[in-house]
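Asks: My structure is below; once you've seen it, I'll send some questions.
The values are calculated or read from the model by the stated rules, or taken from the named source; none is laboratory data. Since we're looking at a predicted model, the values are computed, not measured. Reconstructed Cβ throughout: ideal geometry from the backbone, glycine too, with neighbour counts over all protein chains shown. In case anyone asks, the SASA skips ligands and DNA or RNA and just uses the protein heavy atoms, side chains included. Shrake-Rupley method; radii C 1.70, N 1.55, O 1.52, S 1.80 Å.
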Amino acid sequence: MPEQYLSRTSSAQPGSILWKFLISLSRALDLSYNGIMSHHMRVAVITDKISRAMGLSQDITARTVQASLIHDLGVKTWGDRNILQKFEVADPYTHALEGCRILTDGGDRMASRSSNDRGGGALFGSHAVVILHHHDKWDGGNPTGAKRNAIPIEARMIHLADRIDVLLDESRPFNSQRQEILKIIQSQRGRVFDPELIDVVSDLSKSESFWFDLEQSFLPKSLESNANRDLAGALPFGLVSLDGLGPSLLDVVEALSWVFAEVVDRRSPYTQRHCRMVGDCSYTVAKNLGLSDSVCRELRVAGLLHDLGKLGVSEDILNKEGPLDDEELYMIKRHPYLTYHLLSDIPGFDRIKEWASFHHERPDGQGYPFRMDSSELSLESRIVAVCDVFSALYENRPYRPGLSPEEVKRILVEMAQEGALDREVVDVAVEVLWEVTDLGGVSDLGEVSDLVASTSVNGS
Ligand SMILES: [Fe+2]
Ligand SMILES: [Fe+2]
Ligand SMILES: [Fe+2]
Ligand SMILES: [Fe+2]
């Protein structure tokens with residue numbers, strides 16, 4: 001099959017590309033201590049069933065399923081995620097509020113960059129509201145102030161599906177758990193959950209296939225069948241304009257990538273801006289190297305997503321002070337490999353996937369995880385690699401504070417000389433990146449001994 005590039009997509013594909021992208025981001029959110037949990041995907045399959053059974057509009061069903069796929073994006077750590085896996089949760093609102101904010105910021109950012117008023121701010125607005133309310137109790141007392149029908153129907157469906165999923169015991173056949181799960185959710189009827197939705201689920205769950213569809217092995221297919229029906233073209237992730245009046249495919253991909261860059265960045269106090277900085281720096285270096293605007297923008301997406309696989313690394317390792325042991329290093333070295341696989345199934349992402357996930361490869365073949373060398377690494381992959389190191393040197397790390405501009409420059413040049421980074425890209429980067437990066441407040445007291453080695457081993 002010939003390669004497809006995002007910027008070349010011109011047919012009716014954008015909706016299905018965004019749908020696949022959303023599923024990949026959902027899988028990234030489900031990486032945790034327990035491997036892939038499938039929580040988001042399972043909630044999406046349940047809400048899809050509820051919405052269709054209620055005869056709700058395609059627009060509502062699409063928004064519900066799309067929001068279901070990313071509803072817990074505001075969860076900061078694996079530890080916080082484990083807490084939410086219990087049926088009764090003391091504070092379900094912090095992550096709901098944070099998810100709403102992150103999504104709104106991502107949409108707003110796209111709007112601020114857009115030169116033709118493409119309505120970016122509203123892009124994720126309706127999803128953000130749904131996510132804000134997704135733990136609201138039916139009879140009120142919620143920090144949002146909403147109750148009963150004032151809670152968006154999409155949020156009410158996600159709330160119920162979410163709690164059904166946490167009640168499911170993966171070690172036993174799902175359909176054998178029907179009575180006990182129904183008993184628990186019915187005990188909260190009219191208090192925590194919308195009574196009408198309880199009735200719909202009671203009815204739907206009589207069918208064995210309701211439960212079989214939720215099994216790990218059938219789940220992707222259950223979800224995929226939706227895309228083949230009508231969700232791919234539905235509002236708003238699928239609303240991509242080819243006439244230049246609405247948001248373009250690349251606009252939405254950039255905005256969603258920005259959102260997920262923040263989801264990755266906020267897991268560690270040491271990387272609060274890292275992915276977003278690598279995205280912006282990659283764009284700027286590419287511009288200065290004379291690459292086309294569409295390539296520069298795809299490179300920004302690659303930079304934003306390059307550490308997506310870090311969602312599969314424990315924050316205990318990400319934030320560890322002191323040297324990592326062999327097992328921890330193994331987990332760190334797995335993150336670009338995870339990025340590669342997470343971005344593998346999205347049409348048009350062939351290049352973005354490679355540029356994003358080769359950022360720890362080195363021209364001298366000593367990088368990881370694929371051990372590629374200069375004959376296999378494209379200019380674009382080398383750009384992301386240089387920007388990754390630039391950003392890592394600039395930022396504080398558990399094992400040393402951020403470095404001064406002079407030190408950053410010296411180390412980048414040194415790494416280029418020894419074959420760790422591309423020389424041409426470094427030459428451009430050290431000239432132009434100061435203009436796009438706010439270096440104010442960066443400590444210039446960094447201890448540089450062994451820095452090159454720690455950068456190439458610990459990852460960034
Ligand atoms: Fe949640
Ligand atoms: Fe959840
Ligand atoms: Fe990185
Ligand atoms: Fe990395």
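Asks: Can you say whether Pro336 is of a type outside the set (A, V, I, L, M), in the same structural domain as His274 (by TED's automatic domain parsing) and more than 26 Å from Gly74 (Cα to Cα), as far as the supplied structure shows?
Replies: no
Asks: I'd like to know if the range 109-120 contains one or more residues that are at pLDDT 90 or above and assigned by TED's automatic domain parsing to the domain that holds Ser207.
Replies: No: the range 109-120 contains no residue that is at pLDDT 90 or above and assigned by TED's automatic domain parsing to the domain that holds Ser207.
Asks: In the range 71-98, which residue that is near ligand 2 (Cβ under 10 Å from one of its atoms) and outside any loop (DSSP other than H, G, I, E, B) is nearest to Gly141 (Cα to Cα)?
Replies: Among those that are near ligand 2 (Cβ under 10 Å from one of its atoms) and outside any loop (DSSP other than H, G, I, E, B), it is Ala96.
Asks: Looking at Arg351, Arg362, Arg371 in this structure, which one is assigned by TED's automatic domain parsing to the domain that holds Leu308, open to solvent by less than 40 Å² (accessible area, probe 1.4 Å), of a type in the set (Lys, Arg) and more than 19 Å from Lys310 (Cβ to Cβ)?
Replies: Sole residue among the options that is assigned by TED's automatic domain parsing to the domain that holds Leu308, open to solvent by less than 40 Å² (accessible area, probe 1.4 Å), of a type in the set (Lys, Arg) and more than 19 Å from Lys310 (Cβ to Cβ): Arg362.
Asks: Follow-up. Go over the candidates Leu311, Leu342 one by one and state the one that is under 25 Å from Ile23 (Cα atoms) and in contact with a strand residue (DSSP E or B) (Cβ under 7 Å, 6 or more places away or on another chain). Steps first, answer last, please.
Replies: On the way: Leu342 fails: in contact with a strand residue (DSSP E or B) (Cβ under 7 Å, 6 or more places away or on another chain).
On inspection, the qualifying residue turns out to be Leu311.
Asks: Name the single residue, out of those in the range 242-266 being at pLDDT below 90 and of a type in the set (D, E, K, R), that is nearest to ligand 1 (Cβ to nearest atom).
Replies: Once the filter is applied, the top-ranked residue is Asp251.
Asks: Now a separate question. Only one of these is open to solvent by 10 Å² or more (accessible area, probe 1.4 Å), within 22 Å of His335 (Cβ to Cβ) and at pLDDT below 95: Ile83, Ile60, Ile23. Name it.
Replies: Of Ile83, Ile60, Ile23, the one residue that is open to solvent by 10 Å² or more (accessible area, probe 1.4 Å), within 22 Å of His335 (Cβ to Cβ) and at pLDDT below 95 is Ile23.
Asks: Can you tell me how many residues in the range 147-163 are open to solvent by 10 Å² or more (accessible area, probe 1.4 Å) and assigned to a loop (DSSP other than H, G, I, E, B)?
Replies: 2
Asks: Exactly one of these conditions fails for Asp203: (1) at pLDDT 90 or above; (2) over 25 Å from Ile60 (Cβ atoms). Give me its number.
Replies: The one condition Asp203 does not meet is (2).
Per-residue answers, yes or no, for (1) touching a residue at least 60 places away in the same chain (Cβ under 8 Å); (2) at positive phi; (3) within 20 Å of the chain's Cα centre (by Cα):
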site	(1), (2), (3)
Ser38	yes, yes, yes
Thr64	yes, no, yes
Gly79	yes, no, yes
Thr94	no, no, yes
Leu97	no, no, yes
Gly106	yes, no, yes
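Asks: So, in the range 261-286, of the ones that are of a type in the set (D, E, K, R) and touching a residue at least 12 places away in the same chain (Cβ under 8 Å), which residue ends up most open to solvent (accessible area, probe 1.4 Å)?
Replies: Applying the filter and picking the extreme gives Arg273.
Asks: Can you tell me which residue within the range 179-214, out of those that are surrounded by 16 or more Cβ atoms within 10 Å (Cβ to Cβ) and in a loop (DSSP other than H, G, I, E, B), is nearest to the chain's Cα centre (by Cα)?
Replies: Checked the range 179-214; the qualifying residue nearest to the chain's Cα centre (by Cα) is Leu214.
Asks: Going residue by residue through the range 300-320, is there one that turns out to be open to solvent by 50 Å² or more (accessible area, probe 1.4 Å) and more than 19 Å from Tyr394 (Cβ to Cβ)? Talk me through it step by step, then tell me what you get.
Replies: We begin by selecting, within the range 300-320, every residue open to solvent by 50 Å² or more (accessible area, probe 1.4 Å); these are 316, 320.
Checking the rest, the ones that are also more than 19 Å from Tyr394 (Cβ to Cβ) come to 316, 320.
Scanning the range 300-320 turns up at least one residue that is open to solvent by 50 Å² or more (accessible area, probe 1.4 Å) and more than 19 Å from Tyr394 (Cβ to Cβ).
Asks: From the set of residues in the range 153-176 that are more than 16 Å from ligand 2 (Cβ to nearest atom) and under 20 Å from His40 (Cβ atoms), which is modelled with the lowest pLDDT?
Replies: Asp169
Asks: Restricting attention to the range 355-367, and to residues there that are within 26 Å of the chain's Cα centre (by Cα) and in contact (Cβ under 8 Å) with a residue 40 or more places away in the chain, which single residue is nearest to ligand 3 (Cβ to nearest atom)? Quick ask: steps written out before the conclusion?
Replies: In the first step, residues of the range 355-367 are kept if they are within 26 Å of the chain's Cα centre (by Cα); the result is 355-362, 367.
Now restrict to residues that are in contact (Cβ under 8 Å) with a residue 40 or more places away in the chain: 355-357, 359-360, 362, 367.
Working: Trp355: 13, Ala356: 10, Ser357: 11, His359: 6, His360: 8, Arg362: 14, Gly367: 13 Å.
Step by step, filter the range 355-367, then rank; the result is His359.
Asks: Please determine, by comparing only the residues of the range 121-138 that are assigned to a loop (DSSP other than H, G, I, E, B) and at pLDDT 95 or above, which one is surrounded by the most Cβ atoms within 10 Å (Cβ to Cβ).
Replies: His134
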